[in-house]
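These notes concern the structure reproduced below.
The values are calculated or read from the model by the stated rules, or taken from the named source; none is laboratory data. Treat the numbers as computed from the prediction; the structure is a model and nothing was measured. For neighbour counting, all protein chains shown are included, and Cβ atoms are generated from backbone atoms with ideal geometry for every residue, glycine included. Accessible surface is based on the protein model in full, side chains and every heavy atom, while ligands, DNA and RNA are left aside. Shrake-Rupley method; radii C 1.70, N 1.55, O 1.52, S 1.80 Å.
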Amino acid sequence: MLSFSISFVKKANLFIYLFLFFTIVSYSTEDSLAVAEKDDDEIYQSQKIDFTEKDIEIDSATIEAKTFDKKFKSKYTDDAFVYEFKSKEKNAWDRFKEWLAGIFRNLFSFSNPEASIKFVAYLLKTIAVIIVIFVIYLIVKAILNKEGKWIFGRNSDKKIISYDDIEKNIKNVDFEKLIQLTLQTGEKRLTIRYYYLWLLKKMATREIIIWDLEKTNSDYLYEIKNPKLKDDFAYSSYLYNYIWYGEFELDDATFEKAKTTFDNTLKSI
């Protein structure tokens, strides 16, 4: 028991000695740091130099401003300067070709989608070429048509197209001269057309009717007060419609009958 007490006391004394030793070392270290900091501050204060504005040197060198050429971007449009590639957005036409390619891919068992798309592109180009050739054929056929009929209407005589303004200005047209020309060229239907317009011009000049391009034969017939002239004009209008708008070849007998009717009606006015 006594040996245990002695051992305990020795250990306690050792602990106290160590504690005192570390305390003394700690205080000495702090004093050393304080002294060092104080010495450094004194050295800084002794070496401190005050500067004024006179001591500042002003840079007077000229600086040339650099600018970019306004079109400098045009030099960098090559593929080598494209760093981000965006997939092209598909429009309705692209989607239609893909849909059509899908149909042909199912029908003909193409090896890959690209092959079916190429086939569709070739097919569409072929159809476009055929359509263009067909349209050219129709135009050439219309131009070379013996009867001179244009593509837009069977009754629209090509030789009449240049005379469209005649109806708008019948008061200034010499129909008698035009009729003589068409008789020489054998254009019977055109002759009857000029006869009809000449009849309208003469009635308008005599103030029997009021000429208007938008009026119909029935409108003019209503304006005519003379019963005999009304009947003659009604028959002349019938012949004109029958011959000009009729889809048949005009024979000599019918033409002479119509020509005589118009001549007589014109003389009666």
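Quick check: from the Cα gyration tensor, does segment 227-266 come out rounded (a/c under 1.5), prolate or oblate? All intermediate terms of the calculation are to be shown ahead of the outcome.
Working: a/c = 3.65, a/b = 1.65, b/c = 2.21.
Oblate.
Show me 129-135, 215-221, 186-192 ranked by packing, highest mean number of other Cβ atoms within 10 Å first.
Highest to lowest by the protection proxy: 186-192, 215-221, 129-135.
Students often check this: by mean Cβ neighbours within 10 Å, which of 222-229, 258-265 ranks highest, and how do the rest follow?
258-265, 222-229
Ranked from highest to lowest mean number of other Cβ atoms within 10 Å per residue, what is the order of the peptides 92-105, 241-254, 60-73?
92-105, 241-254, 60-73
Just add up the charged neighbours of Asn112: K/R +1, D/E -1, any other residue whose Cβ is under 15 Å from the Cβ of Asn112.
Net charge in that neighbourhood comes out at 0.
What does the extension gain come out to for Ala142 and Phe96, with contour length at 0.36 nm per residue minus their alpha carbon separation?
Taking 0.36 nm per residue and subtracting the Cα distance, the gain is 13.1 nm.
Quote the FRET efficiency, to the nearest 0.05, computed for Leu183 versus Glu247 with a Förster distance R0 of 22 Å and r equal to the Cβ-Cβ distance. Spell out each step's value before the answer.
Numbers: r = 23 Å, r/R0 = 1.04.
That gives a FRET efficiency of 0.45.
In whole percent, how big is the carbon plus sulfur part of the accessible area of segment 188-233, probe 1.4 Å, protein atoms only?
Result for segment 188-233: 52 percent of the exposed heavy-atom area is carbon or sulfur.
Just add up the charged neighbours of Thr205: K/R +1, D/E -1, any other residue whose Cβ is under 15 Å from the Cβ of Thr205.
Numbers: positive: Lys171, Lys201, Lys202, Arg206, Lys267; negative: Asp174, Glu176, Glu207, Asp212, Glu223.
Result for the neighbourhood of Thr205: 0.
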